[in-house]
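First up is the structure itself, then whatever we jot down about it.
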Amino acid sequence: MTATEEAANNLTVVDHPLVAHKITKLRNDQTDSSAFRSLCQEVTLLTAYEALRHLPTEQVSVTTPLTTTEAPRLAGPAPAIVGILRAGLVMVEAILTLIPHGRVGHLGLYRDPETHRPIEYYKKLPEDIHTRKILLVDPMLATGGSAVHALDVLTEAGGTDIDLLSIIGCPEGVAAVHDTYPDTRITLAALDQRLNEQAYIVPGLGDAGDRIYGTK
Ligand code: PRP
Ligand code: URA
């Protein structure tokens, strides 16, 4: 897909040698949990640069040591960053280093091992989330079931301006999100080939949550 087609499809796949290098390390099954967590955070920081490109700004007056000038700053209420547990937590922490005044929402979802459908077990969102730009984060966009469920929850809460940032996605996941939410901008660090029979992304990186937290 060309960059123009991606833009028309509300899909950005970040094309940068540093991101590609770090993704290769994430894929490697010899990368331990500590390195895996750090790499997830680094890739999140690099890709958030693209995902947050559309944040609104306003001009303010600032006095430098030399003069007074007009300069941009972020406008409006601070964005809400919503992480899908567990794996999205590391991405939330990374983005808070860029937007320390951001508000945070948590949505606990896990995939049923048989059906691969998301099961919700926790939800805590900023009360005024409907007034904020929302960045939904989850490292893996596989079937898209979790992302679509999260978008349903955020839309029911009044969210209207929602972007999705994932580290690795696949065509099936992108299509699932855009079938229901065509206006949701998706930013990925890598767009992989396909899903396997267990609904894991191939080549992928395995189970992100287990690799982040060393649970397997
Ligand atoms: C993983 C991942 C996503 C989901 C993606 O979570 O972090 O939330 O799978 O798959 P989908 O696009 O097919 O819905 P998982 O269910 O393994 O939970 P965990 O983060 O607690 O490990
Ligand atoms: N969840 C993961 O953590 N990895 C995949 O490949 C698919 C879903």
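The values are calculated or read from the model by the stated rules, or taken from the named source; none is laboratory data. In this text the structure is predicted, and so the values were computed from the model without any measurement. For neighbour counting, all protein chains shown are included, and Cβ atoms are generated from backbone atoms with ideal geometry for every residue, glycine included.
Within region 175-195, if we keep just the residues that are exposed (fewer than 13 other Cβ atoms within 10 Å of the Cβ) and touching a strand residue (DSSP E or B) at 6+ places or on another chain (Cβ under 7 Å), the residue that is farthest from His16 (Cα to Cα) turns out to be Arg194.
Residues that are without any contact (Cβ under 8 Å) to a residue 12 or more places away in the chain and surrounded by 11 or more Cβ atoms within 10 Å (Cβ to Cβ) were ranked within region 50-70; the one that is farthest from the chain's Cα centre (by Cα) is Thr69. Restricting attention to region 137-174, the residues that are among the charged types (D, E, K, R), more than 10 Å from ligand 1 (Cβ to nearest atom) and buried (at least 21 other Cβ atoms within 10 Å of the Cβ) total 1. For region 207-216, the criterion of being at pLDDT below 95, within 26 Å of Asp29 (Cα to Cα), surrounded by fewer than 14 Cβ atoms within 10 Å (Cβ to Cβ) and out of contact with any Phe, Trp or Tyr (no Cβ under 8 Å at 6 or more places or on another chain) is met by at least one residue.
In the condition set (1) in contact with a strand residue (DSSP E or B) (Cβ under 6 Å, 6 or more places away or on another chain); (2) more than 16 Å from ligand 2 (Cβ to nearest atom); (3) small (Gly, Ala, Ser), Gly158 is compliant with all but (1).
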